[in-house]
Amino acid sequence: MAKTSSASKKTKKETPRSGMGRREMQDTSRRIMAVALSALALAVMAAVLVFVISWGYRFGRDLFTDRAAGTDRTVVLVKIDAEDSARTVAAELQERGLINDRVLFVVKGKLYSYAPKPGAYQLNAAMTDRQIWQAISGQQTGSQGR
């Protein structure tokens, strides 16, 4: 009988445990969570990178291509006071539908060294940003009204 009991002990030692212990399961769970969080962080960073690159491309493209806000040639009288900044002028022009993007309009003004001059101007939505800047900076003849 002594042989059987020692044989059964031997078999128990030689066969691996079929299940994991609590500590091993926690370690495995932590590793899986770490990998999942790393993958999620990489996905978020990739999405942000794609957004920033596409926004930068569009902004750069729009900065150097001069397009009009529309095709409507209805004259809109815009009055600029001496204390109006390029930002306030751009906000008013966008509100009236004469430009599409006020930030882009201000950057174009700085890029081409334009500054709004006080006066009343006849503008329309078919004018490009550069044409509007030329008109309101006094660099275009015949645009300033009464």
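Side notes on the structure shown:
- Yes/no for Ala135 being aliphatic (A, V, I, L, M), more than 23 Å from Arg58 (Cβ to Cβ), modelled with pLDDT of 95 or more and in a strand (DSSP E or B): no
- Qualifying residue in segment 111-123 (condition: part of a helix (DSSP H, G or I) and modelled with pLDDT under 95): yes
- In the set Asn100, Asn124, only one residue is farther than 13 Å from Ala135 by Cα, surrounded by 15 or more Cβ atoms within 10 Å (Cβ to Cβ) and of a type outside the set (A, V, I, L, M); that residue is Asn100.
The values are calculated or read from the model by the stated rules, or taken from the named source; none is laboratory data. Because the structure is predicted, anything quoted here is derived from the model rather than measured. Glycine also receives a Cβ, built like all others from the backbone with ideal geometry; neighbour counts cover every protein chain displayed.
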